[in-house]
Amino acid sequence: MIIVSRFWTNLFSFGKANAITIYPFIFLKSTFFKQKEDLIRHERIHLRQALELGILFFYLWYLIEFTVHFIQLRDFDKAYLRISFEREAYDKEMEPDYLSQRKIWAFWRYL
C-alpha cells in the first residue's frame, strides 16, 4: 500500500529519502513520486526482502548492517549505499520484470 505523506517519510528516513518502506507500507514524500516506477519498484523489492526474512528480522539486520558500515566508513550516505538490501534494490530497480523472476534470498549476492 502506497501512502503519500511528507511527515511520515521524513520521520522514518530522517529527512533523507523521497520514499521509504515500513512493511507493509511504502511512504512517498509527494504524489510526484507515484509516477517514478523505478522508485516504486525499489521499495517493492524491500517489501519482498522483508517477507523473506521476516519483518522484524529484516529491519534488525538492516540496522545492524547500516551500523557496521557507518562505523567503518563514518559517512551516513556511504553506509546506507553499502547495505545489501539497498544494493540489490538499486541494482534491479530499472528492471520491470525483476520481482517476477527474482530468486528467494537474492540479496545474499550483495553481502
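Table: residues versus (1) within 21 Å of Ile3 (Cα to Cα); (2) assigned to a helix (DSSP H, G or I); (3) in contact (Cβ under 8 Å) with a residue 24 or more places away in the chain; (4) out of contact with any Ser or Thr (no Cβ under 9 Å at 6 or more places or on another chain).
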residue	(1), (2), (3), (4)
Ile40	yes, yes, yes, yes
His46	yes, yes, yes, no
Ala50	yes, yes, yes, no
Leu63	no, yes, no, yes
Ile71	no, yes, no, yes
Leu81	no, yes, no, yes
Asp91	no, yes, no, yes
Pro96	no, no, yes, yes
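Give me the residue from segment 66-105 that is within 18 Å of Glu37 (Cα to Cα) and acidic (Asp, Glu) and, out of that set, surrounded by the most Cβ atoms within 10 Å (Cβ to Cβ).
Let us first name the residues in segment 66-105 that are within 18 Å of Glu37 (Cα to Cα), namely 86-102.
Narrowing the set further to residues that are acidic (Asp, Glu) leaves 86, 88, 91, 93, 95, 97.
Values: Glu86: 21, Glu88: 23, Asp91: 16, Glu93: 19, Glu95: 14, Asp97: 8.
The extreme case among them is Glu88.
Please work out if Leu111 is under 25 Å from Phe14 (Cα atoms), at pLDDT below 95 and exposed (fewer than 12 other Cβ atoms within 10 Å of the Cβ). So that I can check it myself, show each step before the final result.
Details: under 25 Å from Phe14 (Cα atoms): yes; at pLDDT below 95: yes; exposed (fewer than 12 other Cβ atoms within 10 Å of the Cβ): yes.
So Leu111 passes the test.
Could you please find all residues in segment 1-23 being closer than 24 Å to Tyr98 by Cβ and open to solvent by less than 40 Å² (accessible area, probe 1.4 Å)?
Scanning segment 1-23 gives Thr9, Ser13, Ala17, Ala19, Ile20, Thr21.
If you take the residues in segment 45-60 that are open to solvent by less than 50 Å² (accessible area, probe 1.4 Å) and over 10 Å from the mean Cα position of the chain (by Cα), which one is farthest from Phe107 (Cα to Cα)?
Taking segment 45-60 as the starting set, the residues that turn out to be open to solvent by less than 50 Å² (accessible area, probe 1.4 Å) are 45-47, 49-50, 52-54, 58.
Still in the list and also over 10 Å from the mean Cα position of the chain (by Cα): 52-54, 58.
Details: Glu52: 10, Leu53: 11, Gly54: 14, Phe58: 11 Å.
Residue satisfying both the conditions and the ranking: Gly54.
All but one of (1) open to solvent by 60 Å² or more (accessible area, probe 1.4 Å); (2) in contact with a helix residue (DSSP H, G or I) (Cβ under 7 Å, 6 or more places away or on another chain); (3) closer than 19 Å to Leu81 by Cα hold for His42; which doesn't?
(1)
Ile26 - would you say it is open to solvent by less than 70 Å² (accessible area, probe 1.4 Å), out of contact with any Ser or Thr (no Cβ under 7 Å at 6 or more places or on another chain) and over 20 Å from Leu111 (Cβ atoms)?
Values: open to solvent by less than 70 Å² (accessible area, probe 1.4 Å): yes; out of contact with any Ser or Thr (no Cβ under 7 Å at 6 or more places or on another chain): yes; over 20 Å from Leu111 (Cβ atoms): yes.
Spelling it out, Ile26 is indeed open to solvent by less than 70 Å² (accessible area, probe 1.4 Å), out of contact with any Ser or Thr (no Cβ under 7 Å at 6 or more places or on another chain) and over 20 Å from Leu111 (Cβ atoms).
The values are calculated or read from the model by the stated rules, or taken from the named source; none is laboratory data. In this text, all values refer to a predicted model and were calculated from it rather than measured experimentally. Ideal geometry is used to build each Cβ from the backbone, glycine not excepted, and the neighbour counts take in all protein chains shown. These accessible areas exclude ligands, DNA and RNA; they are computed on the full protein's heavy atoms, side chains included. Shrake-Rupley method; radii C 1.70, N 1.55, O 1.52, S 1.80 Å.
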